[in-house]
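To start, the structure itself, in structure tokens.
The values are calculated or read from the model by the stated rules, or taken from the named source; none is laboratory data. If you're wondering where the values come from, they're calculated on a predicted model, not measured in any experiment. Glycine also receives a Cβ, built like all others from the backbone with ideal geometry; neighbour counts cover every protein chain displayed.
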Amino acid sequence: MKRGIGISLWRQIHEQLKTDIVKGLIKPGDMLPTEHTLAARFDVNRHTVRRAIQALGETGLVITRQGSGTYVPETVVDYAVKKRTRFSETVSEQSRVPTLQVIESFTQVANAKQAKVLELNRGARVLCIRTLGGADTTPLSLADHYFAAGRFPDMARVVERCGSISIALKEFGVEDFSRQSTRVTARMPNREQADLLQQPIQRPVLMAESVNVTADGKPLEYGRTLFAGDRVQMVFEPG
């Protein structure tokens with residue numbers, strides 16, 4: 001820091017940290033070093049560092065989470081929930097590159113909720129395809145997609161090949177489908193979920209429980225999706 005040049009120390013620190021953020025040396029989602037660490041770096045007291053961080057917060061360059069630290073905010077994706085909700089289309093419309101990775105797939109006996117939504121008999125099995133969706137290289141969602149087992153054989157491989165649930169369904173003859181309902185709640189992730197979403201375990205996620213139906217109104221898919229709370233904003237559109 002340059003002393004005696006007519007520019008306050010906190011403002012010089014503010015400009016240096018701003019430069020670090022703009023140049024990507026401190027990336028979206030990263031936590032700033034502690035006040036103690038920054039005070040040592042710039043050879044100032046913690047009050048001076050605190051004033052610089054406050055100024056960064058006033059311009060939206062950082063956000064402070066009580067009991068956690070100060071972070072560079074993530075780039076937020078508006079996720080449109082409407083009659084035709086499509087993950088890849090939503091991401092692409094915001095000039096981002098959608099990605100979809102199949103984490104695993106398995107069949108199991110449908111629980112009461114899955115059987116009711118998919119209109120299955122007691123003891124029927126469902127296929128679950130677990131996917132990690134993202135924008136560019138940033139993970140946004142961790143989803144469990146449930147379908148009646150046997151209806152879409154080898155679907156997990158098709159999804160992995162084409163990178164899209166909706167495109168995969170077209171290969172099985174489902175040309176179109178629509179969203180019947182969406183229920184959103186906030187919850188805390190477990191360790192595995194937080195690691196896959198590349199976020200702190202103490203940061204809440206949004207859980208969307210959804211039902212998709214075919215053009216003739218028959219149940220097609222039951223989904224449970226966890227969205228990274230700091231990276232996704234749910235936008236509900238009528239119709």
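For region 193-221, the set of residues classified as farther than 30 Å from GLY69 by Cα and touching a Leu at 6+ places or on another chain (Cβ under 6 Å) consists of ASN212, VAL213, THR214, PRO219, listed by residue number.
Among the residues of region 102-110, is any in contact with a Phe, Trp or Tyr (Cβ under 6 Å, 6 or more places away or on another chain), free of Cβ contacts under 8 Å to residues at least 24 places away in the same chain and within 30 Å of GLN180 (Cα to Cα)? Lay out the reasoning, then the answer.
Filtering region 102-110 for residues in contact with a Phe, Trp or Tyr (Cβ under 6 Å, 6 or more places away or on another chain) gives none.
So far as region 102-110 goes, no, none of its residues is in contact with a Phe, Trp or Tyr (Cβ under 6 Å, 6 or more places away or on another chain), free of Cβ contacts under 8 Å to residues at least 24 places away in the same chain and within 30 Å of GLN180 (Cα to Cα).
Residues in region 141-155 that are in contact with a strand residue (DSSP E or B) (Cβ under 6 Å, 6 or more places away or on another chain) and modelled with pLDDT of 95 or more were compared, and the one that is nearest to ARG231 (Cα to Cα) is SER141.
Got at least one residue in region 16-27 being in contact (Cβ under 8 Å) with a residue 40 or more places away in the chain, more than 22 Å from GLN198 (Cβ to Cβ), surrounded by 17 or more Cβ atoms within 10 Å (Cβ to Cβ) and more than 27 Å from the chain's Cα centre (by Cα)? No - not one qualifying residue is present in region 16-27.
Residue under question is ARG161, and the condition is that it be assigned by TED's automatic domain parsing to the domain that holds GLN193 and surrounded by fewer than 15 Cβ atoms within 10 Å (Cβ to Cβ); does it hold?
In short, yes.
So, GLN114, is that one touching a residue at least 12 places away in the same chain (Cβ under 8 Å), over 22 Å from VAL232 (Cβ atoms) and outside any strand (DSSP E or B) or not? Give the steps one after another, and end with the answer.
Values: touching a residue at least 12 places away in the same chain (Cβ under 8 Å): yes; over 22 Å from VAL232 (Cβ atoms): yes; outside any strand (DSSP E or B): yes.
Here the answer is yes, as GLN114 does meet what is asked.
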